[in-house]
Amino acid sequence: MKAAQDIIIAPVITEQSMASFADKKYTFKVATDATKIDVARAIEELFGVKVEKVNTMNVSGHTRRMGRYEGKTASWKKAIVTLKKDSKTIEFFDGLM
């Protein structure tokens, strides 16, 4: 089993993800082989909160050009974590608002 730090790679900070903080929904970039159960356990272990549900999606890489050369950015996996109503918020995201 992977460590929690290996499953949760980084938070995703966008306008849309910040708008969902009021509903206790937080967005993270996660390992591509992580399951919903792995993500829920990692969030509970790292931040000490109670997870209600996890939605995951695979984000495909975008095509980028540099002059006449064309390449592709890496594909990654995104997880939207919803916390339970009686759970506390994640302190890391409180400083962003």
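Could you tell me whether segment 3-10 includes any residue that is of a type outside the set (Lys, Arg), in a strand (DSSP E or B) and surrounded by 15 or more Cβ atoms within 10 Å (Cβ to Cβ)? Taking every residue of segment 3-10 in turn, at least one turns out to be of a type outside the set (Lys, Arg), in a strand (DSSP E or B) and surrounded by 15 or more Cβ atoms within 10 Å (Cβ to Cβ). For segment 77-95, the count of residues that are closer than 21 Å to Ser17 by Cα, part of a strand (DSSP E or B) and open to solvent by 70 Å² or more (accessible area, probe 1.4 Å) is zero. Among residues of segment 44-58 being open to solvent by 50 Å² or more (accessible area, probe 1.4 Å) and closer than 11 Å to Lys25 by Cα, the one that is farthest from the chain's Cα centre (by Cα) is Glu52.
Condition check: over 10 Å from the mean Cα position of the chain (by Cα) and either in a strand (DSSP E or B) or on the phi > 0 side of the Ramachandran plot (or both). Does Glu70 satisfy that? The answer is yes for Glu70.
Residue selection: Gly61 satisfies the criterion of being open to solvent by less than 80 Å² (accessible area, probe 1.4 Å) and at negative phi. When segment 19-43 is filtered for residues that are outside any strand (DSSP E or B), open to solvent by less than 50 Å² (accessible area, probe 1.4 Å) and either modelled with pLDDT of 95 or more or hydrophobic (A, V, I, L, M, F, W, C) (or both), the ones remaining, listed by number, are Phe21, Ala31, Ala34, Asp38, Val39, Ala40, Ala42, Ile43. All of Thr89, Thr56 fail the test of being β-branched (Val, Ile, Thr) and more than 20 Å from Asp6 (Cα to Cα), apart from Thr89.
The values are calculated or read from the model by the stated rules, or taken from the named source; none is laboratory data. Quick caveat, the model's predicted, so the values are computed rather than measured. Cβ: placed from backbone, ideal geometry, glycine included. Neighbour counts: every protein chain shown. SASA here: full protein model, heavy atoms, side chains in, ligands and nucleic acids out. Shrake-Rupley method; radii C 1.70, N 1.55, O 1.52, S 1.80 Å.
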